[in-house]
Amino acid sequence: LVLRGHTAEVVSAQFRFDGKQIVTASWDRSARLWDAVTGAEQTVLHGHTFEVLNASFSPDGAHVVTASGGNDRTVRVWDTESKGEVATFAPHPKSVRSVRFSPDGKLAVTASEDLSVRLWNPLTAEEVKVMNGHEKRVLTAVFSPDGKRVLSASEDKTARVWDVASGRELMKLTHPDIVRGANFSPNGALIVTAGWDKVARIWSATTGKELAALSGHTDSVLSAAFSDDGRFVVTASVDDSARIWSIGVDAANGQVTGREIRKLSGHTSLVRTAAFSPDGKQVVTASDDLTARVWDA
């Protein structure tokens, strides 16, 4: 499927928990909901006054949360049934690059160009905690599957793991270059990071040790995410492609291997994000060519 309708670069795309819907975010100041089976556009979420840099579903699919840059800098929560806005978080001092719900839906985490990672109550829009430590712009932040940790990625060439309860930094993963994206594996044991150095890397989430390097892209890697069964990783790159990697873990010695098994070619400009459907059978990608696309994985 090719999802057409945005009038500017599409910067993020994500499936709903049941795989029936996709939400996209775009520099055209909108987020949009799409039928994941037919590709039909269902809803345009208008309200931000500058580019929408990220959009994601709540765990139950009842809400979408969006983050904006420019002079807007707000996070907004939308009801997917009524299509209405239900909350707006007070602006960060600078652009908000990403926003995600916690697994139980009770918190949201934002990553901002103001160097901070922040926790919010998504329904009251109250700020709960600020986590400082990054030295340059923070580009993404996500929760661990158990909701007890947050993982952030930054232009300071690090990804960092934070304790949600205390706000304390637990771990720092250092890259040779900017870290554009980061995600936990479904069991929380591994971390995958997307590097400006054209490499995605897999790390132990307990020791912080680098376990594998996924090399093959010919330009910077902008996002990396695991499939829901943890057996695959999908990466998105400036080289106009997304790639699927088979991840193996040797039970005897804990050694991790990553092998490229698919290259998804068809976008005519850089691919900003890629994510698996919940059943792992499809991948959705977002690109600067104004489209999002759904692929058979």
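The values are calculated or read from the model by the stated rules, or taken from the named source; none is laboratory data. All figures in this text were calculated on a predicted structure; none of them were measured in a lab. Here Cβ is always computed from backbone atoms with ideal geometry, including for glycine, and neighbour counts include all displayed protein chains. Protein only, heavy atoms only, side chains kept; ligands, DNA and RNA dropped before computing areas. Shrake-Rupley method; radii C 1.70, N 1.55, O 1.52, S 1.80 Å.
If only the Cβ of Lys and Arg carry +1 and only the Cβ of Asp and Glu carry -1, the dipole of the chain around its Cα centre is close to 380 debye.
Pairs of Cα atoms under 8 Å, at least six residues apart: use those to get the relative contact order of the chain, whole percent. Write out the running numbers ahead of the final one.
On the way: 977 pairs, mean separation 39.1, N = 297.
Relative CO of the chain lands at 13 percent.
Computed over the stretch 45-195, relative contact order equals 14 percent, with contacts defined as Cα pairs under 8 Å that lie 6+ residues apart. Hey, of (1) -0.56, -1.12; (2) -0.75, -1.02; (3) -0.70, -1.29, which did the structure itself give for log10 I(q)/I(0) by the Debye sum over Cα atoms at q = 0.11, 0.15 Å⁻¹ when calculated? Comparing each candidate, only (1) matches the computed number.
Each Cα pair under 8 Å and six or more residues apart adds its sequence gap; the mean of these over the residue count of the stretch 109-253 is a relative contact order of 13 percent. Taking the convex hull of the alpha carbon positions in the stretch 1-96 and averaging its projected area over all directions gives 5.5 nm².
What trypsin sites (Lys or Arg not before Pro) in the stretch 1-81 are in a loop by DSSP, with at most 12 other Cβ atoms within 10 Å of the Cβ? Don't skip to the end; give the middle numbers.
Working: sites: Arg4, Arg16, Lys20, Arg29, Arg32, Arg73, Arg76; in loops: Arg16, Lys20, Arg29, Arg73.
When the trypsin sites (Lys or Arg not before Pro) of the stretch 1-81 are filtered for loop state and at most 12 Cβ neighbours within 10 Å, nothing remains.
Lysine pair count for the stretch 146-297 with Cα-Cα distance under 19 Å and sequence separation of 8 or more or different chains is 7. Between the amide H of Leu211 and those of Ile202, Trp203, Ser204, distances stay under 5 Å, these residues lying 5 or more places away or on another chain, with hydrogens modeled in the peptide plane.
Where Rh is the Kirkwood radius over the Cα pairs of the stretch 68-170, the temperature 20 °C and the viscosity 1.002 mPa s, what D in µm²/s does Stokes-Einstein return?
Working: Rh = 13.6 Å.
Estimated via Stokes-Einstein, D reaches 158 µm²/s.
Along the chain, the longest continuous region that contains none of the GluC sites (Glu not before Pro) in a DSSP loop with at most 16 other C-beta atoms within 10 Å is 136-297.
Heavy atoms of the protein chains alone define the surface here; on that basis the chain has 39 Å² accessible area per residue at 1.4 Å probe size. Annotation: the stretch 198-296 has a Kirkwood hydrodynamic radius of 13.7 angstrom, from the mean reciprocal C-alpha pair distance. On alpha-carbon atoms, Rg over Rh for the stretch 107-250 using Kirkwood Rh? Looking at the stretch 107-250, the ratio lands at 0.96.
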